[in-house]
Amino acid sequence: MELTLETIAWLLLAGLVAGWVDAVVGGGGLVQLPALLLGFPGASPAQLLATNKLGSIVGTATSSITYYRRVRPDLRTALPMAALALGGAALGAVVALHIPKSAFNPIILGLLVVVGAYTLLKPDLGSVTALRFTGRRHTGAAMLTGFTIGVYDGALGPGTGSFLVFALVGLMGYAFLEASAKAKITNFATNLGALLVFVPGGHVMWAAGLTLASANLVGGYVGARTAVHLGSGFVRGVFVVVVGAFVVRIGGELVGVW
């Protein structure tokens with residue numbers, strides 16, 4: 001796959017925006033995957049997904065470190081959740097080699113509509129941390145969430161960060177800012193789990209992936225600092241916008257707009 005100067009510029013812009021969006025609330029794939037599809041129309045779905053993961057993992061690593069230094073999320077929850085998410089993503093990546101994307105789009109759209117509507121109808125959701133589980137139940141719920149969304153991310157991917165944030169806020173009771181911090185650590189693990197399958201399989205387009213990764217790193221750092229500085233209200237607002245964009249994008253695919 002040849003990289004032209006125009007394609008490099010396009011990938012750098014997409015990686016920068018995707019890294020920022022991913023760091024704040026997740027959903028950078030909404031920007032990055034279409035950019036890869038436009039730049040490499042002849043690439044297979046596995047190549048596009050694998051290359052997106054390579055670009056994203058650098059951004060999620062950067063934002064994870066930034067969040068940890070500034071928010072100090074509880075690693076007793078985050079690390080077990082991330083460990084199960086890594087295994088789930090590896091399993092999902094194996095599934096991705098055999099299942100067409102079109103089979104998942106109606107389900108994804110339905111989930112996004114529910115998530116977005118629930119967030120809009122509950123304006124106080126995620127404003128403060130009010131955990132719904134404690135002790136082993138809390139850790140168990142986090143691990144189950146990590147594994148389930150990890151499988152989804154490895155198999156398909158769009159909206160993974162947003163689903164993680166919503167699960168931590170809506171199901172477990174975290175504030176949006178702390179949820180984003182834990183979601184980034186878990187999202188790094190899902191990217192790594194998928195790459196453990198995609199890299200040995202030779203599916204990564206390295207030049208494109210490293211181009212995305214360089215821009216994703218900058219976007220992830222700036223996005224994490226922005227979210228920490230502006231707080232949970234800002235993160236909630238971006239969350240609603242990103243979920244809405246996903247609904248429009250995937251809904252448009254289903255009705256044949258694009």
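Where a number appears in this text, it was derived from the coordinates with a stated rule and is not lab data. If you're wondering where the values come from, they're calculated on a predicted model, not measured in any experiment. Here the Cβ positions follow ideal geometry from the backbone for every residue, glycine too, while neighbour counts run over all protein chains shown.
Counting alpha carbon pairs within less than 8 Å and at least 6 residues apart, what relative contact order, in whole percent, applies to the range 5-87?
Relative contact order for the range 5-87 comes out at 24 percent.
Pick out, from Gly29, Ala90, Phe40, the residue whose Cα sits farthest towards the positive end of the charge dipole of the range 1-118, with +1 on the Cβ of Lys and Arg and -1 on the Cβ of Asp and Glu.
Positive-most Cα among the choices belongs to Ala90.
Counting alpha carbon pairs within less than 8 Å and at least 6 residues apart, what relative contact order, in whole percent, applies to the chain?
Dividing the mean separation by the residue count of the chain yields 40 percent.
Report the gain in length on full extension from Glu2 to Phe133: 0.36 nm times residue separation, minus Cα-Cα distance, nm rounded to one decimal.
The Glu2-Phe133 span can extend by a further 42.1 nm.
Along Cα→Cβ, 7 Å out, is where each label goes; now give me the distance between the ones at Leu75 and Ala9 in nm to one decimal.
About 4.4 nm, to one decimal.
Using +1 at the C-beta of Lys and Arg and -1 at the C-beta of Asp and Glu, which of Ala194, Ala208, Thr226 has the Cα lying farthest in the positive direction of the dipole of the range 5-255?
Thr226
So what's Rg/Rh here for the range 105-174, counting alpha carbon atoms and using the Kirkwood radius for Rh?
Reported Rg/Rh, Kirkwood definition of Rh: 0.99.
Hey, could you grab the Kirkwood Rh for the range 115-258? Inverse mean 1/r over distinct alpha carbon pairs, Å, one decimal.
So the Kirkwood estimate lands at 16.6 Å.
Percent relative contact order of the range 1-140, based on C-alpha pairs within less than 8 angstrom and at least six residues apart?
18 percent
What number comes out for the charge environment of Leu171, summing +1 per Lys or Arg and -1 per Asp or Glu over other residues with Cβ under 15 Å away?
Summing Lys/Arg as +1 and Asp/Glu as -1 gives +3.
For a quick check, take a GNM of the chain with Cα springs below 10 Å and name the residue from Phe147, Phe40, Phe163 with the largest mean-square fluctuation.
Sorting by GNM fluctuation, first place goes to Phe40.
If you take Cα extents along the principal axes in Å from the coordinates, which of [x] 53, 43, 37; [y] 53, 47, 39; [z] 51, 35, 34 do you get?
Recomputing Cα extents along the principal axes in Å here picks out [z].
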